[in-house]
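Here is the structure we will look at, set down as structure tokens.
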Amino acid sequence: MSLNQKIKNMLKIVHLFVFTFVMISCSVAQPGGRYGTSDKKAIKFYEAGRTCFGQVSPTTGLRNLACAEENLTKSLERDPAFVEAHMLMSNVYIEQGQIEKAITQKEKMFALGKPYSESEYFYMASMNMAIGNYDKCLKYANIYLKVRNGNQNMINKCYKYVDDCNFAIVAKKNPVPFTPKNMGPNVNTHRPEYFPSITADDKTFLFTRDVEDPGAIYGGHQEDIFVTTSPSPTEWTYGKGISRNINTIYNEGAPTFSADGKYVILVGCETGNKGDYDYGDNRQGYGSCDLFVSEKIGSEWTKPVNMGTPINSGHFESQPSFSSDGKTLYFIRGMLQKGSLRDTKLQDIYKCEILPNGSWSTPQKLGDHINTPGREESVQIHPDGQTLYFSSEGHVGMGGLDIYMCRMQPDGEWGKPVNLGYPINTHKDENSLLVSSKGEIGFFASDREGGYGSLDLYQFEMPKKFQPITTTFMKGIVYDSLTKKPLAADFQLIDLSNDKVYKRAIANSGNGEFIVALPSNKSFALIAEHDGYFFYSKNYSSDKLVANKDGFYVNVPMLPYGTVSKFVLENIFFDVDKSVLKPESITELNKLKTLLSNNLTLKIELGGHTDSDGDDKHNMILSDNRAKAVKDWLIENGIEASRLTHKGYGETQPIVENDTAEHKAQNRRTEVKIK
């Protein structure tokens, strides 16, 4: 069964439970076998309709609704005031999904006098909420709340209906800008497309498609992952299957990219009976649906591997979203109850983090101000790392699943969720929202009129107030500076204000490429390391980067051991005319210490250099003191003094002319010379 079908079936079960199961118990004769009519033929047709309604096909699981509707129609033609027939006809229409007709039947019953049961007010509130008729929902919910000794579950739902209706009535009077545009025939087909994901540069787009496949084990169709690229902001290439290593005759879906596009995390589900742990194509899991990961090496994807415990469990894991810093995974977990049934009310957002040893932490539920007694779905942690989007039916909204956002607070906790408003949200279920890295475009799936058939993917301009923090990205290639061979270097972005790693990743081992979202308004160091090479370092300030339409591009050439005599320490900082190391230097100093600790025969000279401003003699003293400061730090932190010397060169060895402020900054440097 596909993930999309699982969700549809889940919604059907919820709706039928609320609107049908309890209502059937009320659709019986009055006490003592008496009916609200004396017309024997009307009673005969009614009882025939009730028999048909109770007939369930063993192959399809569907009721004999056509027969029930035909007989009930004849019954009501005989006696339009037959209350029980109106009640049962309402149930028939609910089963058919014709809620408006079901409401009409209830209203006719109400017009005949007092309803058979006061619970009918609750059912009328529920049905009017289901079609977005907020005024009538509010009316009937308030009536039921005045009922003495009402059902507590129904009372609780009515309080929620009142809150939702009051919110929705105001929201519809104050709509947010929303003009969705179909993503076109290169993405959409007559088959369903849904669950999108995108890379940090907004260039590569993943989505799930339910495809026709005669070899599929479920009814001739199954889910595959497709990929398309964007040559321009307004067009997408023809979507193709991501890889034969990933797509099979089984279901693969709900993918999320790592920010650099190097990894895809996807969902796979058991192919047979619950508990056989067979996920198809030699994949094994822990039960129900699990998360799998595939790595891109060069231009090909590896076969997906189960992410294991503690991420996966015997419960339902789905809809992952991987943070752009590569540290945190958000996903949906639905708890399975007795009999292997998933209680959708126990479906919440979880997160886990990569620990220093490379393992995953135990998943933790997000707080109760985000997760609710209702169900949560479709979570996205935006590349800005500060904005979370998700769907929920438990917060105050328009009814069903609505889309919300919340922002990270200064204390590191998530703030209060905010509803994205009408008409982004409606009385129907809204989910699968994806917001582009730049934050200007939102993507979602919808079966609205005018599409190519079933669910299509749409895009729209995100209203300003719901956009994430503006982010850019850095992309480039890591390579051997002599041979130009690409390197799978370990690289880090480090916040120079606190020496904390903002992002850590490994460049693509096939081509050395990397993409990473950049922190906003921060100074950071880019550090690249690879066995057999001197570490590479540069410092940047994100608010001063000049990015083109494709982001900020850098090359990362790495110098092999034994091939150079000196290199610059790019992240050593001093105040003007001072020789005291600034705290921002700690990252670079630690990297230099590690280099020396890993190469015990290595001896170096630390050289200080200045620009041409100021007195020559003063510059010579200043440069010597700065070089000595670096040497002294290394000695204080365990490097033998016999391996270190220092020398100040003042302004005598410029690497560029001292003719501009930028060139002068390049000449002010600390160098390492291999002895």
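The values are calculated or read from the model by the stated rules, or taken from the named source; none is laboratory data. Bear in mind the structure is a predicted one, so any value in this text is a computation, not a measurement. Positions of Cβ are backbone-derived with ideal geometry, glycine not excepted, and every protein chain shown enters the neighbour counts. The protein model used for the area step is the full one, side chains on, heavy atoms only, and it has no ligands, DNA or RNA in it. Shrake-Rupley method; radii C 1.70, N 1.55, O 1.52, S 1.80 Å.
Is at least one residue of segment 171-183 in a helix (DSSP H, G or I) and either in contact (Cβ under 8 Å) with a residue 12 or more places away in the chain or at positive phi (or both)?
Our first condition is that a residue be in a helix (DSSP H, G or I); within segment 171-183, this holds for 171-173.
Within this subset, residues satisfying the condition of being either in contact (Cβ under 8 Å) with a residue 12 or more places away in the chain or at positive phi (or both) are 171-172.
Yes, because at least one residue in segment 171-183 is in a helix (DSSP H, G or I) and either in contact (Cβ under 8 Å) with a residue 12 or more places away in the chain or at positive phi (or both).
Of all residues in segment 382-401, how many are open to solvent by less than 10 Å² (accessible area, probe 1.4 Å) and either within 19 Å of the chain's Cα centre (by Cα) or under 17 Å from K416 (Cβ atoms) (or both)?
Of the residues in segment 382-401, the ones open to solvent by less than 10 Å² (accessible area, probe 1.4 Å) are 382, 387-392, 397-399, 401.
The next check asks that each one be either within 19 Å of the chain's Cα centre (by Cα) or under 17 Å from K416 (Cβ atoms) (or both); those that pass are 382, 387-392, 397, 401.
Adding up the residues that qualify gives 9.
Name the single residue that is farthest from F534 (Cα to Cα) among those in segment 456-508 being touching a Pro at 6+ places or on another chain (Cβ under 6 Å) and open to solvent by 30 Å² or more (accessible area, probe 1.4 Å).
Y502
Does D135 satisfy the condition of being open to solvent by 60 Å² or more (accessible area, probe 1.4 Å), part of a helix (DSSP H, G or I) and in contact (Cβ under 8 Å) with a residue 40 or more places away in the chain?
Numbers: open to solvent by 60 Å² or more (accessible area, probe 1.4 Å): yes; part of a helix (DSSP H, G or I): yes; in contact (Cβ under 8 Å) with a residue 40 or more places away in the chain: no.
Answer is no for this residue.
Among the candidates E69, E95, E100, E47, which residue alone is modelled with pLDDT of 95 or more and open to solvent by less than 60 Å² (accessible area, probe 1.4 Å)?
E69
With F524, F514 as the choices, which residue is assigned to a strand (DSSP E or B), open to solvent by less than 40 Å² (accessible area, probe 1.4 Å) and free of Cβ contacts under 8 Å to residues at least 60 places away in the same chain?
On the way: F514 fails: free of Cβ contacts under 8 Å to residues at least 60 places away in the same chain.
Criteria check complete, one pass: F524.
Tell me, which residue of segment 278-318 that is in contact with a helix residue (DSSP H, G or I) (Cβ under 9 Å, 6 or more places away or on another chain) and open to solvent by less than 10 Å² (accessible area, probe 1.4 Å) is modelled with the lowest pLDDT? Lay out the reasoning, then the answer.
Residues of segment 278-318 that are in contact with a helix residue (DSSP H, G or I) (Cβ under 9 Å, 6 or more places away or on another chain), as a first pass: 287-289, 316, 318.
Among the residues that remain, those that are also open to solvent by less than 10 Å² (accessible area, probe 1.4 Å) are: 287, 289, 316, 318.
Values: G287: 87, C289: 92, F316: 92, S318: 95.
In this case the residue turns out to be G287.
Being of a type in the set (S, T, N, Q) and at pLDDT below 90 is the requirement here; does N419 meet it?
Working: of a type in the set (S, T, N, Q): yes; at pLDDT below 90: no.
In short, no.
Say we look at segment 107-126 and pick out the residues that are under 42 Å from the mean Cα position of the chain (by Cα) and more than 24 Å from Q55 (Cβ to Cβ); which of these is surrounded by the fewest Cβ atoms within 10 Å (Cβ to Cβ)? Break it down into steps so the answer makes sense when it comes.
Just the residues of segment 107-126 that are under 42 Å from the mean Cα position of the chain (by Cα), to begin with: 119-126.
Retained after the next criterion (residues that are more than 24 Å from Q55 (Cβ to Cβ)): 119-122, 124-126.
Numbers: S119: 18, E120: 21, Y121: 24, F122: 27, M124: 26, A125: 27, S126: 22.
Checked segment 107-126; the qualifying residue surrounded by the fewest Cβ atoms within 10 Å (Cβ to Cβ) is S119.
Residues that are open to solvent by less than 40 Å² (accessible area, probe 1.4 Å) and in contact with a Ser or Thr (Cβ under 6 Å, 6 or more places away or on another chain): list the helices (runs of 4 or more DSSP H) wholly contained in segment 556-675 that include at least 2 such residues.
Ranges flagged: 616-636.
For the structure I just gave you, tell me whether T362 is touching a residue at least 40 places away in the same chain (Cβ under 8 Å), touching a Pro at 6+ places or on another chain (Cβ under 7 Å), buried (at least 18 other Cβ atoms within 10 Å of the Cβ) and β-branched (V, I, T).
Working: touching a residue at least 40 places away in the same chain (Cβ under 8 Å): yes; touching a Pro at 6+ places or on another chain (Cβ under 7 Å): yes; buried (at least 18 other Cβ atoms within 10 Å of the Cβ): no; β-branched (V, I, T): yes.
Taking the combined requirement at face value, the residue does not satisfy it.
Has segment 336-351 got at least one residue that is assigned to a strand (DSSP E or B), over 15 Å from A254 (Cβ atoms) and at pLDDT 95 or above? Spell out the reasoning first.
In the first step, residues of segment 336-351 are kept if they are assigned to a strand (DSSP E or B); the result is 336, 342-351.
Cutting the leftovers down to over 15 Å from A254 (Cβ atoms) gives us 336, 342-346, 348, 351.
Among the residues that remain, those that are also at pLDDT 95 or above are: 348, 351.
Yes, segment 336-351 contains a residue that is assigned to a strand (DSSP E or B), over 15 Å from A254 (Cβ atoms) and at pLDDT 95 or above.
Under the condition of being among the charged types (D, E, K, R) and assigned to a strand (DSSP E or B), which residue from segment 208-223 is most open to solvent (accessible area, probe 1.4 Å)? Spell out how you get there, then give the answer.
Residues of segment 208-223 that are among the charged types (D, E, K, R), as a first pass: 209-210, 212-213, 223.
Retained after the next criterion (residues that are assigned to a strand (DSSP E or B)): 209-210, 212, 223.
Values: R209: 21, D210: 8, E212: 121, E223: 4 Å².
This residue is E212.
Could you list, in sequence order, all residues of segment 395-448 that are assigned to a strand (DSSP E or B) and over 24 Å from D163 (Cβ atoms)? Steps first, answer last, please.
To start, the set of residues in segment 395-448 that are assigned to a strand (DSSP E or B) comprises 402-408, 414, 418-419, 434-435, 441-446.
Matches in segment 395-448: M408, L434, V435, I441, G442, F443, F444, A445, S446.
Does V396 count as without any contact (Cβ under 8 Å) to a residue 60 or more places away in the chain and among the β-branched types (V, I, T)?
no
Those residues that are more than 27 Å from V170 (Cβ to Cβ) and either of a type outside the set (K, R) or in a helix (DSSP H, G or I) (or both), I need them from segment 107-132; list them, please.
Applying the first criterion (more than 27 Å from V170 (Cβ to Cβ)) to segment 107-132 yields 108-120.
Across segment 107-132, the qualifying residues are K108, M109, F110, A111, L112, G113, P115, Y116, S117, E118, S119, E120.
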